[in-house]
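Peer 1: Just dropping this structure here.
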Amino acid sequence: MRYLRSIKLLLVAVIMLMAASGTASAGSQDFTLVNGTGRTISYIYLSPTQCSDWIYQDELGNNVLRPGQEIFLDFDPRDNVQYWDVKVVYDNGEEGYWIGLDLYRIYSLTIRPGGSSSIEMI
């Protein structure tokens with residue numbers, strides 16, 4: 001009986017370890033961006049924090065993101081980078097920035113005025 005209990009505990013530990021390492025190694029930085037700024041966003045740009053160029057440009061295409069709306073942003077699986085910056089351009093041309101976001105852990109990001117945000121993590 002004690003042997004069976006030990007095997008069950010070991011099995012649970014192995015499953016938990018596999019799940020945790022699978023999430024980290026999958027490189028999934030996909031997340032939902034929610035516009036909590038109260039302003040209309042015309043453009044969204046994304047870039048690894050250590051990079052000086054915006055790799056993902058104009059994620060909205062011909063659309064805009066109105067206050068309260070959200071967009072799902074997905075990444076190429078080869079983008080094995082953990083920390084990302086987000087830049088938005090509002091309909092009046094002003095810009096907002098959110099820097100150093102851990103996209104391995106964030107699944108929903110509500111951006112707010114002045115660079116603040118609400119984050120839901122995995």
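Peer 1: Please report, in Å, the Rg and the Dmax of segment 29-122, where both are computed over Cα atoms only.
Peer 2: 12.1, 34
Peer 1: Let me ask something else. For 73, 33, 109, 60, which order do you get if you count the other beta carbons within 10 Å of each Cβ and list the fewest first? Write out the running numbers ahead of the final one.
Peer 2: On the way: 73 18, 33 24, 109 21, 60 14.
In order of increasing Cβ crowding within 10 Å: 60, 73, 109, 33.
Peer 1: Taking the Cβ of residue 89 as the centre, find all other residues whose Cβ is under 12 Å away and add up their charges (Lys, Arg: +1; Asp, Glu: -1).
Peer 2: Numbers: positive: 39, 87; negative: 58, 59, 91, 94, 95.
Once positives and negatives cancel, what remains is -3.
Every number in this text was worked out from the coordinates using simple rules, so none of it is lab data. As the structure is a prediction and not an experimental result, all values here were calculated from the model. Neighbour counts run over all protein chains shown; Cβ positions are idealised from the backbone, glycine included.
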